[in-house]
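One structure is given below, encoded as structure tokens.
The values are calculated or read from the model by the stated rules, or taken from the named source; none is laboratory data. In this text the structure is predicted, and so the values were computed from the model without any measurement. Reconstructed Cβ throughout: ideal geometry from the backbone, glycine too, with neighbour counts over all protein chains shown.
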Amino acid sequence: MSLFGSAICLLLLATVDGTKWQEMDDNTLYEFIFDDVDMDHIILNNRICDVYLRCFYSTGPCTNLAGAMKSKIHEVLSTVCGKCTNKQKAIWHHALNTFIPRRPDEWKKFLSIYDPDGIYWPNVKEFMEKPPPTY
């Protein structure tokens with residue numbers, strides 16, 4: 001790739017990465033959270049996963065992506081990803097089925113914060129036990 005082409009790519013990446021989640025509409029935000037992220041990279045790397053969890057637990061700073069995710073936790077749990085596309089539901093399905101068995105104590109802590117009355121968990125669990133959505 002030419003030097004000019006490399007410069008254009010860097011400029012585009014800087015623009016995308018510099019967009020704050022607070023400035024995104026719901027569709028763009030859901031794409032940012034689900035479609036543009038390698039969930040396995042976050043979940044399977046304990047160091048990275050811990051950064052996200054500290055953000056979600058309000059015990060540490062949030063990256064742009066972690067802050068975006070945190071902003072939608074209640075909505076995604078309460079609606080079982082109701083605003084998600086089938087692709088996003090499949091990604092969330094995979095993320096849940098990967099994270100919960102690996103970090104059950106963290107999942108309990110997560111639920112104690114975001115579903116303290118246990119209202120959402122039964123529907124989320126039912127969603128997890130079904131085959132993932134196709135898209």
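Scan region 79-93 residue by residue and report those that are assigned to a helix (DSSP H, G or I) and surrounded by 15 or more Cβ atoms within 10 Å (Cβ to Cβ). Of everything in region 79-93, those that are assigned to a helix (DSSP H, G or I) and surrounded by 15 or more Cβ atoms within 10 Å (Cβ to Cβ) turn out to be GLN88, LYS89, ALA90, ILE91, TRP92, HIS93. Taking region 83-93 as the range and being farther than 16 Å from ASN123 by Cα, within 12 Å of the chain's Cα centre (by Cα) and either modelled with pLDDT of 95 or more or of a type outside the set (A, V, I, L, M) (or both) as the test, only GLN88 passes. Scanning region 115-128 for residues that are exposed (fewer than 14 other Cβ atoms within 10 Å of the Cβ) and either within 15 Å of PHE99 (Cβ to Cβ) or basic (Lys, Arg) (or both) gives a single hit, LYS125. Hey, does region 116-123 have a residue that's part of a helix (DSSP H, G or I) and within 17 Å of ASN86 (Cβ to Cβ)? Within region 116-123 (the criterion being part of a helix (DSSP H, G or I) and within 17 Å of ASN86 (Cβ to Cβ)), the answer is no, since none of the residues qualifies.
If I filter region 53-65 down to residues being in a helix (DSSP H, G or I) and modelled with pLDDT under 95, which single residue comes out as surrounded by the most Cβ atoms within 10 Å (Cβ to Cβ)? The selected residue is LEU65.
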